[in-house]
Amino acid sequence: MRDKGLPMNNVCTLARAPRGQMRGAATQAMRCHRQGTATKQMPARRRAPSGCGPAAKCKRYSLTGPKLCHLVDTMAARSRDESGVALVMVLLVAALLLGIGLALSTNSMLELDIASNHQRQTVAWYAAEMGLEQGINGFRTNYTTTDLPADGTVQFNQQPVSYPGLNQAGDYTVTLARRDSPASSPISPYPIFYTITSVGRFVPANPNVQPSSVTLTQTLAVSPQTLANWTLFYNQFGFDLAFQSTFTLAGRLAVNDLGGVNVWAGTTVNGDFYSAGPIRGTPTVSGNLTANGGQINFPQTITPFASGATSAYTFDGTTRLIFQSDGTVVVHNNALAGSPVTMHLPANGIIAVNGDAVVEGTVHGRCTVTATGSALINGGIQYSDHSPSSTDTLAVVAQVDVIEPEYYYTGVTGPTLQGFAAAWSCPWEADGMIGGTWGSQIRISNPTGNQLAGDFSIDGTFVSLTGSSPTVINPGGRPGGNFYVYGGNVSNIASVTVYMNGDSIAAGLNEMYSQNKKLDLLPPPGFPLSTQLMPTFFAFREVRTTIK
């Protein structure tokens, strides 16, 4: 080293002295260096400060002495401290990869479990569904009113089920819970309510695997079949069935003719279609289609319907019945003392007329009117209450025709209360009336919106045992309109009701039928009850699914 002080831009690169000693002249030398003066040479017998002495090398740096020494010491310390970082990083990466592998393995096992559980549940579901259908079919086809099952009946007990292509097995158990209607019901014990419970199980081949189960229920009610279950019923049918696009049938249709029926393309039935004979053609049917089903029992006399009438509600001669919304009926009858008389509806709901009957007004309650002659619907008939809980019911049963006249009947107690009959120009069309007393034409004077002049509505079920219902008088000459029926129409023979010009109503009444489903549970008073059942289905639900 030189004797003279180092220039300002010369620094001494120091190595650490033994045991980290750094005292005396070395400290002074660094201090002098910072002040820019020459550093004296240290005595030889003194220890060299860290980094000075023979091992020292002088180089040109932009940093000055003590700062650079501190930087070099720090880098050396860091080099020693970071010697294990690579190992730690390797361990962290290995742990991460191991975690990912375990997660993938666990996820795969979970997916397999889910797939296995789904398959087990599916097998159990199908078994339960099959059992439920078997239980329902019993009420549709097997049971009658004479052999209905008791409460707690087990229809099927672990009935085995196999599935082609699957190495799986299942079974189902079906039980019934029954509840009868109280004695106050008009047709007690009907309607009878049942809850069908079907338990389907997955039965594994491996005895160490527990079965899985699915429980389904279906609630239904059964009542005896009656003619009121049909929305449109023809006992004899000499025509082709060709419903126009304007014709509406929402409910059940029956053609009780063993000769069957020819059906035109485009004919639509929004409900069941039953034919005693063959059905020739392809109708569009939303419900069940039955061909060659055999004839349904069809009474030929009024007696089965009228037999329950009491003497107070049996009238001789032409009778006009005007129903009131308060649950009474005004009776015009020349043989009735004090006529017209306002009476409450009979307790059993049956009014019998030995002669012709005129029916009109607003019905509140349950009533069936029978007539040994013809029955005439004098304009519209309405129920006072159309809510779901209402039991308002009207049926009109005539031995001959149920007539929709062109003019209002005006006869009242006295000489104007005359009998009547339809005048038939041919076996399928009536063009006038015989007898009776008549007023203005039945029509809407000022139709609005979509109304037609001939529109009117009736609520009820109408039955003609030997004639036609509805017998529309003068269909080719009366104002065209829609004839809305909420209930049903049962006729021995069919007749012409409307004349069409393409899809437009030219004249007469275009029939529009809507089923009254309440009649499946509670038929009109006096209607003969069949031994065949009419099931009504309510809630379906899955009670529970168990996977073990």
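The values are calculated or read from the model by the stated rules, or taken from the named source; none is laboratory data. The shown structure was predicted, so the numbers you read here are calculated from the model rather than taken from an experiment. All Cβ positions, even for glycine, are placed from backbone atoms using ideal geometry, and neighbour counts span all protein chains on display.
With (1) modelled with pLDDT under 90; (2) closer than 20 Å to Thr370 by Cα; (3) among the acidic types (Asp, Glu) as the list, and Glu542 as the residue in question, which single condition is left unmet?
Unmet condition: (2).
Pro191 fails exactly one of the following numbered conditions: (1) over 17 Å from Phe537 (Cα atoms); (2) under 28 Å from the mean Cα position of the chain (by Cα). What is the number of that condition?
It fails just one condition, (1).
Taking the condition of being farther than 18 Å from Val359 by Cα and in a strand (DSSP E or B), how many residues in region 468-490 meet it? Steps first, answer last, please.
In the first step, residues of region 468-490 are kept if they are farther than 18 Å from Val359 by Cα; the result is 474-482.
Restricting the remaining residues to those that are in a strand (DSSP E or B) gives 481-482.
Final tally of qualifying residues: 2.
Taking the conditions exactly as written (touching a Ser or Thr at 6+ places or on another chain (Cβ under 8 Å) and of a type in the set (Asp, Glu)), does Asp180 satisfy them or not?
So Asp180 passes the test.
Which one is surrounded by the fewest Cβ atoms within 10 Å (Cβ to Cβ), of the residues in region 499-529 that are under 14 Å from Glu429 (Cα atoms) and aliphatic (A, V, I, L, M)?
That would be Ala507.
Would you check if there is a residue in region 124-131 being at pLDDT below 80, more than 30 Å from Gly349 (Cα to Cα) and either outside any loop (DSSP other than H, G, I, E, B) or touching an Asp or Glu at 6+ places or on another chain (Cβ under 9 Å) (or both)? Steps first, please.
First, the residues of region 124-131 that are at pLDDT below 80: none.
Checked region 124-131: no residue is at pLDDT below 80, more than 30 Å from Gly349 (Cα to Cα) and either outside any loop (DSSP other than H, G, I, E, B) or touching an Asp or Glu at 6+ places or on another chain (Cβ under 9 Å) (or both).
State whether the residues of region 220-234 include one that is out of contact with any Leu (no Cβ under 9 Å at 6 or more places or on another chain) and surrounded by fewer than 19 Cβ atoms within 10 Å (Cβ to Cβ).
Checked against the condition, which is being out of contact with any Leu (no Cβ under 9 Å at 6 or more places or on another chain) and surrounded by fewer than 19 Cβ atoms within 10 Å (Cβ to Cβ), region 220-234 yields no hits at all.
Among the listed residues Val490, Val463, Val496, which satisfies the condition of being surrounded by fewer than 22 Cβ atoms within 10 Å (Cβ to Cβ) and among the aliphatic types (A, V, I, L, M)?
That would be Val496, the only listed residue that is surrounded by fewer than 22 Cβ atoms within 10 Å (Cβ to Cβ) and among the aliphatic types (A, V, I, L, M).
For region 194-209, how many residues meet the condition of being of a type in the set (A, V, I, L, M, F, W, C), closer than 24 Å to Leu176 by Cβ and more than 23 Å from the chain's Cα centre (by Cα)?
Residues meeting the conditions: 2.
Output the number of the condition that Ser286 fails; it satisfies all remaining conditions of (1) farther than 23 Å from Tyr486 by Cα; (2) of a type in the set (S, T, N, Q); (3) loosely packed, with under 14 Cβ neighbours inside 10 Å.
It is condition (1) that Ser286 fails.
If Val269 passes every condition in (1) over 30 Å from Pro535 (Cβ atoms); (2) outside any loop (DSSP other than H, G, I, E, B); (3) β-branched (Val, Ile, Thr); (4) modelled with pLDDT under 95 but one, which one does it miss?
(1)
Quickly run through region 142-164 and pick out the residues that are within 29 Å of the chain's Cα centre (by Cα) and under 18 Å from Ala205 (Cβ atoms).
Val161, Tyr163
Any chance region 417-430 includes a residue that's surrounded by 14 or more Cβ atoms within 10 Å (Cβ to Cβ), touching a helix residue (DSSP H, G or I) at 6+ places or on another chain (Cβ under 8 Å) and assigned by TED's automatic domain parsing to the domain that holds Gly481?
Checked region 417-430: no residue is surrounded by 14 or more Cβ atoms within 10 Å (Cβ to Cβ), touching a helix residue (DSSP H, G or I) at 6+ places or on another chain (Cβ under 8 Å) and assigned by TED's automatic domain parsing to the domain that holds Gly481.
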